[in-house]
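J.: This structure is in structure tokens; I'll ask about it shortly.
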Amino acid sequence: MSGRILLLLAMLFSQTALAVDTLDKIRKSGVITIAHPANTPPFSFMDGGEPTGYSINLCRQVVDNMALQLGMQQIRINWRTASTPDALQLVADGSVDMSCGTTSITLSRQEKVDFSNEIYVATGGLLVNSRSGISNLAGLNDKRIAVIRGTTTQGRLSTALGQRGLRAILVPVSNTDEGMQALGSGKADAYATDREILLGYLKASGDSSSRYSLLAELFSVDPYALALPRGDTDFRLAVNRGLSDVYRNASLDDVFGRWFGPGAEPSHSLRTIYLLNSYQD
């Protein structure tokens, strides 16, 4: 019995020693490392060599607030580009401190990382060539659909197709650029990703709406959040305090107008999320 107790204690101390204190690391180094996708406008993309977008803007404000919480003048951000699946792995293995972009919350992902409070609610969209004659998901039966491998979109789309009794060939790609290339070259009949990313990509790239059509039919709804190291409750609390401060003090309509176009407004569900997550007491 005593041997088993000693073994359990040794395991406990080992796990404690391995636990990462992200805030302490940031306090000592003055740096936070954040992974982000390079081309998912309007959430995270490059402009003049610098990351920008809706999610990036939120993360910058969270880091500024974290500096105040830690009594620091400034925390320098070390940005690292990565796709969503790669960014999740980087957070899980401790290579980065946070993932900032278009990461959906799922139970399977929570086995490897923790998540902040929600920052957005996205819907699954499909982009097709305007002259294809495809007007809904059923029109993609026996067609080829490009989708980023390892994303929630891939799983949600497979489920939606199965529920409707449709068959389609999913063409795995690494990022939105590859997905759009597959669609434009005819290697795929559609490109599937979050609807907001498709709208942002078309706007940022200057592609004419006459060339591509965004189907009105939606196949998924997913909440976005910031991916964080699993089990680091103090760091997660600091991040959520930062988000709470943003939600409580920022003009969300101005934020949406900047990143989603003039007159864009948060949905009722997103406004509710902002309100609930703005409370600190």
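J.: So which of GLY184, GLY200, GLY165 is part of a loop (DSSP other than H, G, I, E, B) and either closer than 26 Å to ARG109 by Cα or modelled with pLDDT of 90 or more (or both)?
T.: Working: GLY184 fails: part of a loop (DSSP other than H, G, I, E, B); GLY200 fails: part of a loop (DSSP other than H, G, I, E, B).
Step by step, each of GLY184, GLY200, GLY165 is checked, and only GLY165 is part of a loop (DSSP other than H, G, I, E, B) and either closer than 26 Å to ARG109 by Cα or modelled with pLDDT of 90 or more (or both).
J.: Taking GLN61 as the residue in question, decide whether it is part of a loop (DSSP other than H, G, I, E, B), more than 15 Å from the chain's Cα centre (by Cα) and in the same structural domain as ILE273 (by TED's automatic domain parsing).
T.: no
J.: Give me the residue from segment 238-281 that is surrounded by 13 or more Cβ atoms within 10 Å (Cβ to Cβ), of a type in the set (A, V, I, L, M) and part of a helix (DSSP H, G or I) and, out of that set, modelled with the lowest pLDDT.
T.: Only one residue fits best here, namely LEU252.
The values are calculated or read from the model by the stated rules, or taken from the named source; none is laboratory data. Treat the numbers as computed from the prediction; the structure is a model and nothing was measured. No Cβ is skipped: glycine too gets one built from the backbone with ideal geometry, and neighbour counts run over all protein chains shown.
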